[in-house]
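The values are calculated or read from the model by the stated rules, or taken from the named source; none is laboratory data. Treat the numbers as computed from the prediction; the structure is a model and nothing was measured. Glycine gets a Cβ as well: all are built from the backbone with ideal geometry, and neighbour counts include every protein chain shown.
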Amino acid sequence: MPLPDDEHWMLSYYRTSEINGSLFFGRLARTLKPGPIQHDLTRHFADEAQHAWYWTDCLDRLGTRPIKLSDAYQDQYLEAAGLPANMMEIMAITLVFERRVINQYARHLAVPGVRVEVKETIDLIMQDEKWHVQWVRDALAGMEDRFGKDTITETLSRYKEADREVYAHTLAEHEERLSFLLRSEHEE
Ligand SMILES: [Fe+2]
Ligand SMILES: [Fe+2]
C-alpha cells in the first residue's frame, strides 16, 4: 500500500524540522567558548542532523522521497515566544521544544497501523531525544545561581504557553493533513 499523502507530508515535515534544529544548534555551537555546553550542544546538533537523515532514509525505504518544505515548526516558535536573549532562555525554549518533539513522536507511534519503517525511525530518534531533554534540563539547573530559580521557572512557563499556542495553531493550519493523528487520539 503506498504511503498516504498526509503521512508523506508529515514525515517530510519532521525531516525539515530536524534539519532546522540541527542548523540552529550548529550555528549556536559555533559561537560558544570551550566548556560543557559547547560539548553537549555539538553532540545535540549532530544528533538532529542524523535524525534528518533517518527520515530521509525512512522515506526512501517507503518507496518515496521527502517533499521540499519551506517552513518548519521552529519558525513559528521564535515568532510566538520572541528571540531568546541569553543562554538561559535558549536552554529554556529548547527544553520546551524537545518535550514537544517527544510528545509528537509518541503520538505518531500511537497511530493505528503505524508502519514498521516509521516505528523503527521514531524508536531510534527517541533514544537521542531523551538525552536532549536530560542535558538541557541539567544545563538549566546549573544556571540557577546566575539567573535565579524563579526566573528560570517563569521563563519555562512563558515558553510553555507559546508552545501550546504554536502547536494549536499548527494543528489548525494543517488540520486535514494531521487528521490521522487526531483520529488516533479520539480512539484512545
Ligand atoms: Fe531530533
Ligand atoms: Fe532533539
Checklist entry - Cβ-Cβ below 8 Å, separation at least six or inter-chain, first residue in segment 41-61 and under 14 Å from residue 123 (Cβ atoms), second of a type in the set (Gly, Ala, Ser): which pairs? => result 51/21; 51/22; 55/12
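Matching residues to (1) assigned to a helix (DSSP H, G or I); (2) within 16 Å of ligand 2 (Cβ to nearest atom):
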| residue | (1), (2) |
| --- | --- |
| 37 | yes, yes |
| 42 | yes, yes |
| 47 | yes, yes |
| 57 | yes, no |
| 65 | no, no |
| 71 | no, no |
Next on the checklist: For segment 73-92, give me each residue that is in a helix (DSSP H, G or I) and hydrophobic (A, V, I, L, M, F, W, C).
Outcome noted: 78, 80, 81, 87, 88, 90, 91, 92
Checklist entry - Which one is nearest to residue 66 (Cα to Cα) among residues in segment 109-136 that are out of contact with any His (no Cβ under 8 Å at 6 or more places or on another chain) and not in a helix (DSSP H, G or I)? => result 115
Item to check | Output for segment 7-22, where each listed residue is within 13 Å of ligand 2 (Cβ to nearest atom) and among the hydrophobic types (A, V, I, L, M, F, W, C) | outcome: 19
Next on the checklist: Regarding segment 39-52, can at least one residue be identified that is within 17 Å of residue 8 (Cβ to Cβ) and either surrounded by fewer than 18 Cβ atoms within 10 Å (Cβ to Cβ) or out of contact with any Cys (no Cβ under 7 Å at 6 or more places or on another chain) (or both)?
Outcome noted: yes
Item to check | Selection count where residues are buried (at least 19 other Cβ atoms within 10 Å of the Cβ) and either within 12 Å of ligand 2 (Cβ to nearest atom) or at pLDDT below 90 (or both), scope segment 83-95 | outcome: 2
Checklist entry - With respect to residue 40, is the statement that it is of a type in the set (Asp, Glu) and either more than 23 Å from residue 160 (Cα to Cα) or within 16 Å of ligand 1 (Cβ to nearest atom) (or both) true? => result yes
Next on the checklist: Looking only at segment 125-137, filter to residues that are under 14 Å from the mean Cα position of the chain (by Cα) and not charged (D, E, K, R); which one of those is surrounded by the fewest Cβ atoms within 10 Å (Cβ to Cβ)?
Outcome noted: 127
Item to check | Enumeration of residues in segment 99-130 that are closer than 17 Å to residue 43 by Cα and in contact (Cβ under 8 Å) with a residue 12 or more places away in the chain | outcome: 124, 125, 126, 128, 129, 130
Checklist outcome for this item: When every residue in segment 138-181 that is basic (Lys, Arg) and surrounded by fewer than 16 Cβ atoms within 10 Å (Cβ to Cβ) is compared, the one modelled with the lowest pLDDT is 164
